[in-house]
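Here the structure comes first, spelled out in structure tokens, and everything after it is commentary.
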Amino acid sequence: MAKTRHIHQRMNQRGINEQMLEIVKMFGVDEGDKTYLNRKGIDAVEKQLKAFLKQMEKMKARGGVVLVESGEAEITTYTLDSYNRTRIH
């Protein structure tokens, strides 16, 4: 979306950067022509991100996770380190 000269001036004056605006767009509440992200919303997003990072750490410890799909169906899943062809022989 195009930004006016006015918003660039206000962003500079108020210490608001482009990344902050993207976060408001992603997680904020739409109310007419405004979108806002208040403290309560920020707390909720932080909680979700912490849970997300915890799951990522679990997946990382396992070496990654594979999901096998065919069309719209999820077929199977396994950890990336769980299958090693050299162990078979």
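The values are calculated or read from the model by the stated rules, or taken from the named source; none is laboratory data. Values in this document were obtained by computation on a predicted structure and should not be read as measured data. No Cβ is skipped: glycine too gets one built from the backbone with ideal geometry, and neighbour counts run over all protein chains shown.
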For this session: Only strands (runs of 3 or more DSSP E) wholly contained in region 1-74 count here; list those with 1 or more residues that are more than 18 Å from the chain's Cα centre (by Cα) and among the basic types (Lys, Arg).
Result: 34-36
For this session: Please indicate, with yes or no, whether at least one residue in region 39-46 is in contact with a strand residue (DSSP E or B) (Cβ under 9 Å, 6 or more places away or on another chain), surrounded by 10 or more Cβ atoms within 10 Å (Cβ to Cβ) and modelled with pLDDT of 95 or more.
Result: yes
For this session: Six or more apart or on different chains, Cβ under 6 Å: which pairs go from a residue in region 18-42 that's in contact (Cβ under 8 Å) with a residue 12 or more places away in the chain to one that's among the aromatic types (Phe, Trp, Tyr) and surrounded by 10 or more Cβ atoms within 10 Å (Cβ to Cβ)? Could you list them?
Result: Gly28/Tyr36; Val29/Tyr36; Leu37/Phe27
For this session: Starting from region 60-76, take each residue that is at positive phi and list its partners that are in a strand (DSSP E or B) and hydroxyl-bearing (Ser, Thr, Tyr), counting only C-beta distances under 8 angstrom and pairs at least six apart or across chains.
Result: Gly63/Thr79; Gly64/Thr79
Exercise. Taking into account only those residues within region 75-89 that are part of a helix (DSSP H, G or I) and aliphatic (A, V, I, L, M), which is modelled with the lowest pLDDT?
Worked result: Ile88
Exercise. Filter region 14-38 for residues that are loosely packed, with under 10 Cβ neighbours inside 10 Å and small (Gly, Ala, Ser); which is nearest to Thr79 (Cα to Cα)?
Worked result: Gly15
Exercise. Would you call Val66 modelled with pLDDT of 95 or more and either surrounded by 10 or more Cβ atoms within 10 Å (Cβ to Cβ) or among the basic types (Lys, Arg) (or both)?
Worked result: no
